[in-house]
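Reading through the structure tokens given below for one structure.
The values are calculated or read from the model by the stated rules, or taken from the named source; none is laboratory data. A quick note: this is a predicted structure, and the numbers were derived from the prediction, not measured. Because the Cβ atoms are built from the backbone with ideal geometry, glycine has one as well, and the counts that use them run over all protein chains shown.
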Amino acid sequence: MNLFSSPAAHANEDRRLMLLIPCPYCGPRNQIEFTYGGDATVRRPAMKECPADPVSAWVDAVYVRDNPCGPHDEWWLHGAGCRSWFMVRRDTRTHEILASARIGEAFAGEPR
Amino acid sequence: MTQRFRLPTGGIVDRTRPLAFTFDGVPYQGYGGDTLASALLANGVHLVGRSFKYHRPRGIFSAGTEEPNALVQLARGAHTEPNARATTLELYDGMTASSQNCWPSVRHDIGAVNNAMSRLIPAGFYYKTFMWPPTPRWWLRYEQVIRRAAGMGRAATQPDPDSYEHQYAHCDVLVIGGGTTGLAAARAAALAGARVILCEQNVDCGAAPLPAGTKIDQTPASEWIAAVASELLRHPEVTLLVRTTAFGYYDGSLVGAIERVTDHLAAPPAHGPRERLWKIRATAVVLATGAIERGIVYANNDLPGTLLASAARTYVERYAVRPGDRAVMFTNNDGAYADALALQAGGVDIAAIVDARTDAQSSGILTARARDAGMVIVSAATLIGAHGNRHVAAVDVASRAGVPAQRIDCDLVCVSGGWNPAVHLYSQARGKLRYDEVLASFVPESSPLPIIPAGAANGCLGLSEALAEGHAAGIAAARQAGRIAALLAPPRADPLATAPLQPLWAVPAARKSARRFVDLQNDVTVNDIALAAREGYQAVEHLKRYTTLGMGTDQGKTSNIIGLALLAEQLGVPIPRVGTTTFRPPYTPVTLGAFPGHESGAHVAPTRYSAMHAWHVEHGARFVNAGLWKRPHSYPRAGESEDDAVNREARSVRTTVGVVDVSTLGKIELQGRDVAELLNRLYINRWDTLAIGRCRYGVMLRDDGMVMDDGTTSRLSDTHYLMTTTTVNAVKVMQHLEYLLQTQWPELDVYATSVTEQWAAMALSGPKARDVLAGLVDIELSNAAFPFLAVGTCNVRAASDDPAGAIPARLFRMSYSGELAYEIHVPCHRGLAMWEAVLAAGEAFGIMPYGTEAMGTLRIEKGHVVIGPEADGRTTADDLGMGKLVNAGKWCIGKPLLDRSALTAADRWQLVGLTALGDAPIPRGAKIVADPERKAPNPMLGHVTSWCWSPNVDAWIALALLANGRARHGDTLWAVSPLAGAKVRVQVGPPCFIDPDGERLRV
Amino acid sequence: MSDDGTLRPFGAFDSAAPGHYGVSPGAVTLAEIPISVAWNVQGDPLHPAFLAEAKRRFGLALPLVPNTTARGPAWKALWLGPKSWLLMAGDETVIVPPAGFDAQRDALNAAGGALFDLSASRVAFMVKGLRAAAVLAKNCPLDFHPRAFLAGNCAQSLLGHINALIERPDATPTFVVMVPRSFAQDGWRQLCRSSAQYGYDVVVPVSMS
């Protein structure tokens, strides 16, 4: 039973949870050491890039955001630690942290 | 009357340690080991409070954290604490407690008139009655009266005098609950080599009662418990926390627990906290929180003298207190038989055991024992009502067949309606619950998180099974942490054959007006639930909010399941379809002071001090907070007002010389081959032309084109630069740089580090600045040798008695004040020496220190913008008059979006200067209008961003953002503040009031 | 900017005076540890030229495993980040020659790295004794258990709201806590407040080497 939690919330039952935010360098650390850095799926137009309409390319990059239900890739900074920026894949439904990745590297243990 | 109900032997109380206490002003005596509740019962005091809504007399109902009734006001010195649970409050000598929610006394309470009118105050009464007329204003008026009449205890009005702290903890296995199950789990996990934390909310482990004669591993249970507890206590990798309640399971498998460190002491020690908030990170959690007994609802089931059956037994066995002389047990399960046997052994006369089950249904071994002990068992019967005035005196018992009720005299009713596993933290850990038909309660089913329920918390009520479950849970939890258990047999106890429970929630009342309470704390009756269902509040969460079922300090620990079972009955659906309300933290109330811990009062945030802070204090500085920094606002002299001090300081900079502590500025050093390229991309202006030994002002934009920060950057060597940021944006700019370098432009050869803490900095400004410095430094300062925007290093002569000798410094010829000025940076530990050296050298020239306020006056006079007031996140460089700085020949962050038409529109708010016409000050935060008399809405043309009295212009001046402002120079407008009732005529002009061509800073 | 090699005692407030505080007997010892030289070396460990230059300059191989330290004859290196280390003079009597810093910086810049002088940026405190880990754990979320925080490890985290660099020099229950200089007073206050219930002794500034 339990009418008040969605079945989808329990989709990953067999997997061990990461307890904390896993810095790809320092390992799992308390969230208070980190700073959120926004949506990591946004592509910033390259500096030298001259698209036909640079304004709308930048408007997309600055203002347009998805609001995904489920896994979401985001930037985090280990600001009180090693000062590395890295990517975190977080489930927006459960607040579960699925994986983290160094810049330019794939998520370790890609779940799907 | 001294402890008339105390048993001569037994229990954990220490009869050699009598403790004096008062309740409602009456002195009593208890013993060491008592709770306030057990000590009151020992003295025959049951009536401890009045109910929330109807002011009915209420007594002690439980022996634990689930207590709905016995909430008392506790006085401790000058401090008072409301809603303390008498059932968990450890007695200390001199305790002073009183009942709540009654006036003038708990025996004679005027509010009890509500009881007589209770048919007029059903569920939702307040909502229905006071929602008319339909404006919130009226509700607010009613609410004041209602709150006074209802409410729980009185909140303290003084600041909390106690100290609290946090403690982070890490372990492989956290065991919550130190009963037999938890002990078995902790022992197994520890033997597997795990780091273990065991939290027990009681003062000792294994406090829950077990059937008489119970043995574990062939030893009496109490000896086994003591042996395991002491084994755990000695184990180097086990932390055993008593008086510690795990109150919440949070994201990332963080468990919050509150340890009551000193509440049981008459005189808390001088050092250390009253409570300690544990933040525990465990790889796996074993939930051994046990189960909470529930009652059965019948008419007048709230009379004092009514207790949960297991609680009555706890008072007898644990505290050696008889809760009454003659008891009627009312049950639907076997547990009450063990309780009856224990009560009888404690000298309580068992008048009858009323069992809702038939003989055939109640054929367990405990029933047989009770029968053997000569107890009267009335089967297939219910207790339909209790009688008494402020205490139970008799009960009516009827068989279900409709035989006339039989009245039995008694002064104690012990009720058992079954057991509810304490699944709160399981549910918080996203655990799914399942309705168990055998227990008639909700039990854990599965959780995606590493939390393992065991024993009664898992619906396993038998000791032998619970021990096995605890043991297995301990091993499984240790394995999750990678610890493999050695072969170890689980602790064993003989199984006890029991008969199953037959669900019974509420007994129909003989009279319609009889009140049958489901939720004792919130006065929610069976009829209230029926009414709510009829009125459409059929979802359990709606029921809760409409009736207040399960709210309050106990959060319905004894009432929730009954309430939702009754709702299911009303709706004609199975109980699982109704579901439960959400179990939110905290499990039990937590003192608010524990959450901030050390971070309260002046220490809510840390404070940053510059290297010269002690000097500022010594010289009478008034301080202002700038972020976390304390900065000197001004240095008023004896008898001088702050305003006069600011004006004196600002004048001295323009006429002679002043010095200001600017250590708080953000400083970032950059090294690498590509620093100039980075700066080109960051700032609107050009940087590849900056020569070594020179600095330049720059403005940074956000991606959206708005001004983000400004400052100067200096080139110290071919590959080494120093960037300064504003004080408030120091951290933000550093993060911004790191983000860009690491994620966007990893190809750039640039390394950055914050050096804000490394350098103490001061600005020496005024026509005499060069003269002051010339006598101190070992380099040539002439305009030719060290011109405006020059950067260099030098050694500064320190005081002759300074053993460290000359101070190595970085010198910058830059000016914020608009005067001839130098910025001097020295390693932080020499900051004070440098400051004193400058002041000593400047004495002959009349140097004076100035604070942030005079610095503000000077920059307003010069029209320099500040990030925040002028660059408020909505302004472009062009709005601030710096459009010409935007280099057309290169890209920079934010530049693409500057092309949006709205950012170049003619009516943009642009930076202007305002001069007040007349002597009245320009009001703080004033808006600018053309006609102050015009009726609202009066079109707003702009607003004042910074304002001051300018001792150098000799007028009130301001900077403002004004629509199409640059075209309005010369106009006369009004600065108005409807809030302050002020309006001032102002003349618009350019933002720079002093030396617009900048000749002074180049002299 | 050259460093003048002098010590930087911080004791600017009452509770820093040597003596016993809190309950007796004490289970914690607190002291300031003067920092003589602390330089931030940055560079890409994938570039052999940079690593070689750092080794030549400081006589040690920069530790590449996160949150570890390395010791050479004169210098100690603490891992700060994947491209960042703190080089501290292991012996306070080492005086860096006045021209020392600029020359070292230029050499590292030439090798594709960077060198920043942070000698005055931090203040270091020693927290020593049976309760040292408990004292730090009141306001710091790191795990100080000897199996989790090994001798020779370092880590950056928070002490309350203050950034802290914490090092465990050896297997004894001793930690070195470094906090930004402007926060030193608050950091010290937190350590004292956390220690009072166990009792603590403040001793005169000590050297850890």
Which residues, taken from segment C:142-157, are touching an Asp or Glu at 6+ places or on another chain (Cβ under 7 Å) and surrounded by 15 or more Cβ atoms within 10 Å (Cβ to Cβ)?
C:PHE149, C:CYS154, C:SER157
Of the candidates B:THR244, B:THR262, B:THR239, the one satisfying the condition of being more than 14 Å from chain C (Cβ to nearest Cβ) and β-branched (Val, Ile, Thr) is B:THR244
Looking at segment B:592-626 only, could you name the residues that are surrounded by 15 or more Cβ atoms within 10 Å (Cβ to Cβ) and assigned to a helix (DSSP H, G or I)?
B:GLY593, B:ALA594, B:HIS603, B:HIS613, B:TRP615, B:HIS616
Can you tell me which residue within segment B:55-68, out of those that are within 25 Å of B:GLY206 (Cα to Cα) and not small (Gly, Ala, Ser), is surrounded by the fewest Cβ atoms within 10 Å (Cβ to Cβ)?
B:THR65
Given the structure, is A:ASP73 over 20 Å from B:ARG281 (Cβ atoms), touching a strand residue (DSSP E or B) at 6+ places or on another chain (Cβ under 6 Å) and of a type outside the set (Ser, Thr, Tyr)?
yes
Give me the residue from segment B:525-555 that is crowded, with 24+ Cβ neighbours inside 10 Å and touching a helix residue (DSSP H, G or I) at 6+ places or on another chain (Cβ under 7 Å) and, out of that set, farthest from B:PRO68 (Cα to Cα).
B:ALA532
Leading residue by the ranking (nearest to B:GLY889 (Cα to Cα)) among those in segment B:697-728 that are surrounded by fewer than 20 Cβ atoms within 10 Å (Cβ to Cβ), at pLDDT 95 or above and away from every other protein chain (no Cβ under 14 Å)
B:TYR697
Given (1) in contact (Cβ under 8 Å) with a residue 12 or more places away in the chain; (2) part of a helix (DSSP H, G or I), number of the condition C:ASP106 does not satisfy
(1)
Quick check on segment B:498-513. Is at least one of its residues in contact with a strand residue (DSSP E or B) (Cβ under 6 Å, 6 or more places away or on another chain) and surrounded by fewer than 18 Cβ atoms within 10 Å (Cβ to Cβ)?
yes
Can you pull out every residue in segment B:643-674 that is within 44 Å of the chain's Cα centre (by Cα) and either at pLDDT below 95 or within 13 Å of chain C (Cβ to nearest Cβ) (or both)?
B:ASP661, B:SER663, B:THR664, B:LEU665, B:GLY666, B:LYS667, B:ILE668, B:GLU669, B:LEU670, B:GLN671
Scanning segment B:939-977 for residues that are without any contact (Cβ under 8 Å) to a residue 12 or more places away in the chain and in contact with a strand residue (DSSP E or B) (Cβ under 8 Å, 6 or more places away or on another chain) gives B:PRO939
Go through segment B:262-298 and report how many residues are part of a strand (DSSP E or B) and closer than 29 Å to C:SER24 by Cα.
6
Quick test of your reading of the structure: B:MET940 fulfils all but one of (1) at pLDDT 95 or above; (2) surrounded by 18 or more Cβ atoms within 10 Å (Cβ to Cβ); (3) out of contact with any helix residue (DSSP H, G or I) (no Cβ under 7 Å at 6 or more places or on another chain). Name the failing condition by number.
(2)
(1) within 24 Å of B:ALA650 (Cα to Cα); (2) within 14 Å of chain C (Cβ to nearest Cβ); (3) among the hydroxyl-bearing types (Ser, Thr, Tyr): which one isn't true of B:THR857, the others all being true?
(2)
What pairs come up if the first residue lies in segment B:788-802 and is in a strand (DSSP E or B), the second is of a type in the set (S, T, N, Q), and their beta carbons are under 9 Å apart, counting only those six or more places apart or on different chains?
B:VAL791/B:SER714; B:THR793/C:SER2
Checking B:ALA804, B:ALA785 in turn, the sole residue that is out of contact with any helix residue (DSSP H, G or I) (no Cβ under 6 Å at 6 or more places or on another chain) and either of a type outside the set (Gly, Ala, Ser) or modelled with pLDDT under 95 (or both) turns out to be B:ALA804
Are any residues in segment B:420-447 surrounded by fewer than 23 Cβ atoms within 10 Å (Cβ to Cβ), among the β-branched types (Val, Ile, Thr) and either assigned to a loop (DSSP other than H, G, I, E, B) or more than 12 Å from chain A (Cβ to nearest Cβ) (or both), and if so, which ones?
B:VAL438
Identify all residues within segment B:797-820 that are within 12 Å of chain C (Cβ to nearest Cβ), buried (at least 17 other Cβ atoms within 10 Å of the Cβ) and of a type in the set (A, V, I, L, M, F, W, C); write none if there are none.
B:ALA798, B:ALA806, B:ILE807, B:ALA809, B:LEU811
Do any strands (runs of 3 or more DSSP E) entirely within segment B:1-83 hold 1 or more residues that are free of Cβ contacts under 8 Å to residues at least 24 places away in the same chain and among the hydrophobic types (A, V, I, L, M, F, W, C), and if so, which?
B:26-32, B:71-76
Scan segment A:55-64 and give yes if some residue there is facing another protein chain (nearest Cβ under 10 Å), closer than 27 Å to B:VAL731 by Cα and β-branched (Val, Ile, Thr), otherwise no.
yes
When residues of segment A:89-102 are filtered for being crowded, with 20+ Cβ neighbours inside 10 Å and either within 14 Å of chain C (Cβ to nearest Cβ) or at pLDDT 95 or above (or both), how many remain?
1
Residues of segment B:746-780 being assigned to a loop (DSSP other than H, G, I, E, B), free of Cβ contacts under 8 Å to residues at least 12 places away in the same chain and away from chain C (no Cβ under 14 Å), which ones?
B:GLU780
Test C:GLY199 against the criterion of being within 13 Å of another protein chain (Cβ to nearest Cβ), touching a strand residue (DSSP E or B) at 6+ places or on another chain (Cβ under 9 Å), surrounded by fewer than 21 Cβ atoms within 10 Å (Cβ to Cβ) and not basic (Lys, Arg), and give yes or no.
yes
For segment B:829-836, check the following and say yes or no: at least one residue is of a type in the set (Phe, Trp, Tyr) and away from chain C (no Cβ under 14 Å).
yes
Filtered residue count, segment B:684-720, keeping only those that are within 43 Å of the chain's Cα centre (by Cα) and closer than 19 Å to B:ASP749 by Cβ:
1
Evaluate the following for B:ASP801: is it among the charged types (D, E, K, R) and out of contact with any strand residue (DSSP E or B) (no Cβ under 8 Å at 6 or more places or on another chain)?
yes
All but one of (1) in contact with a strand residue (DSSP E or B) (Cβ under 8 Å, 6 or more places away or on another chain); (2) within 14 Å of chain C (Cβ to nearest Cβ) hold for A:GLU105; which doesn't?
(1)
In the set B:THR743, B:THR713, the lone residue that is free of Cβ contacts under 8 Å to residues at least 60 places away in the same chain and in a strand (DSSP E or B) is B:THR713
